[in-house]
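Notes follow the structure.
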Amino acid sequence: MSYEDNRDWPSYNDQLVKRGWYYLHTDFLNNWDKELKAMNKGKNGRPYIYPNTFIKFCALMYAFLHLPYRQLEGYLSALSSFIPGLRSADYTTLWERIVKLDMDIPMPDDNIVVAVDSTGIKVTNRGDWIREKHNVKHKGWIKIHIAVDVETKKPVAFEITDERISDQKMARPLLKNMKMDDALMDAAYDKEDVYKFLKEKYVYRPGINPRKDARVTPNTLRGESILEYNKFGHESWKDLHKYGKRWTAECVFSAIKRIFGETVRATTPQGMFQEVRRWIAFYTMILYL
């Protein structure tokens, strides 16, 4: 059966054009003084000089253009000569404010079907020669755990951990506030604890693809789901749960890595986690344009 492309190409093209505008939008200038006044109200110590919306703009340039902080300072300085009202900031201020940015993504109020998956992000490559010199083999990586609305193809929840945290342990914190009709997951989530949690969320027969060697344990939720899988067979079970839509999570990971790269630039664990959080928040923002 041949693939039929039903995408609205004119609408998609317009969205890509809007993204180019978004990278350099300066709407924050309209409320610069008003925002600063609100931020400094009741603040002890040194007042803020730059509003949070400006810092988000700078973080956007840092992420999308892959500019180091000193080059980012020069970029803003040059940009300020073209845009009236735009002020530059030194690289130390940029670093201090950007690393503290706490960004999140909107969660839908309605019941949805989510695709859940995880992927690895490489840590900074700096200091590779030190690891080689001292024979340090383990470098580690960061894991992004994500839930994607399969209809809108937008991320709706995410968690960041290191590589030691298994996928199935993150199902509860990732989806605890989510309203769901179904959850599509691979065999890494094929655990009784995940089934119990999803039952608490009123998802009684989730679309979890069982492991190839899965055995039916009587009187368990996992056992009942495996029996359902065996009853329908793999292809019919996939059609029942529309399991093929789980690819939406993989597509989100692919897009994020194409835009931001596969390696974080921060050097501390907290900085790395915050950097990846900004990636996902910015990626979600451009989808809502």
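Only one of these conditions is not met by residue 3: (1) exposed (fewer than 12 other Cβ atoms within 10 Å of the Cβ); (2) at pLDDT 85 or above. Which number is it?
(2) is the only condition that residue 3 fails.
Which one of 152, 124 is of a type in the set (Ser, Thr, Tyr), modelled with pLDDT under 90 and either surrounded by 13 or more Cβ atoms within 10 Å (Cβ to Cβ) or under 24 Å from the mean Cα position of the chain (by Cα) (or both)?
So the residue among 152, 124 that is of a type in the set (Ser, Thr, Tyr), modelled with pLDDT under 90 and either surrounded by 13 or more Cβ atoms within 10 Å (Cβ to Cβ) or under 24 Å from the mean Cα position of the chain (by Cα) (or both) is 124.
What helices (runs of 4 or more DSSP H), lying completely within region 1-119, carry at least 1 residues that are in contact (Cβ under 8 Å) with a residue 40 or more places away in the chain and under 30 Å from residue 182 (Cβ atoms)?
Where helices (runs of 4 or more DSSP H) fall fully within region 1-119 and carry at least 1 residues being in contact (Cβ under 8 Å) with a residue 40 or more places away in the chain and under 30 Å from residue 182 (Cβ atoms), they are 9-22.
Report yes if some residue within region 41-59 is modelled with pLDDT under 95, farther than 21 Å from residue 265 by Cβ and among the small types (Gly, Ala, Ser); otherwise report no.
Within region 41-59, one or more residues are modelled with pLDDT under 95, farther than 21 Å from residue 265 by Cβ and among the small types (Gly, Ala, Ser).
Residue by residue through region 53-63, note down the ones that are surrounded by 18 or more Cβ atoms within 10 Å (Cβ to Cβ) and not basic (Lys, Arg).
Scanning region 53-63 gives 54, 55, 57, 58, 59, 60, 61, 62, 63.
List the residue pairs whose Cβ atoms are under 7 Å apart, where the first residue sits in region 161-189 and is closer than 21 Å to residue 274 by Cβ, the second is buried (at least 19 other Cβ atoms within 10 Å of the Cβ) and among the aliphatic types (A, V, I, L, M), and the two are 6 or more positions apart or on different chains.
161/170; 162/142; 174/116; 174/147; 174/157
Condition check ((1) within 29 Å of residue 58 (Cβ to Cβ); (2) in contact with a Cys (Cβ under 9 Å, 6 or more places away or on another chain); (3) without any contact (Cβ under 8 Å) to a residue 24 or more places away in the chain; (4) not basic (Lys, Arg)) across all residues:
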position	(1), (2), (3), (4)
212	no, no, no, no
233	no, no, yes, yes
239	no, no, yes, yes
247	no, no, no, yes
250	no, no, no, yes
260	yes, no, no, yes
269	yes, no, no, yes
277	yes, no, no, no
287	yes, no, no, yes
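Name the one entry in 190, 182 that is under 17 Å from residue 153 (Cβ atoms) and touching a strand residue (DSSP E or B) at 6+ places or on another chain (Cβ under 6 Å).
182
Specify which of the listed residues (63, 38, 78, 89) is among the small types (Gly, Ala, Ser) and closer than 30 Å to residue 164 by Cα.
Of the residues listed, the single one that is among the small types (Gly, Ala, Ser) and closer than 30 Å to residue 164 by Cα is 63.
Conditions tested, residue by residue: (1) in the same structural domain as residue 261 (by TED's automatic domain parsing); (2) under 13 Å from residue 95 (Cα atoms); (3) under 28 Å from the mean Cα position of the chain (by Cα).
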residue: 20; (1), (2), (3): no, no, yes
residue: 30; (1), (2), (3): no, no, no
residue: 33; (1), (2), (3): no, no, no
residue: 37; (1), (2), (3): no, no, no
residue: 42; (1), (2), (3): no, no, no
residue: 46; (1), (2), (3): no, no, no
residue: 51; (1), (2), (3): no, no, yes
residue: 61; (1), (2), (3): no, yes, yes
residue: 64; (1), (2), (3): no, no, yes
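The values are calculated or read from the model by the stated rules, or taken from the named source; none is laboratory data. Keep in mind that what you see is a predicted model, and the values were worked out from it rather than measured. All Cβ positions, glycine included, derive from the backbone under ideal geometry; neighbour counts span all protein chains shown.
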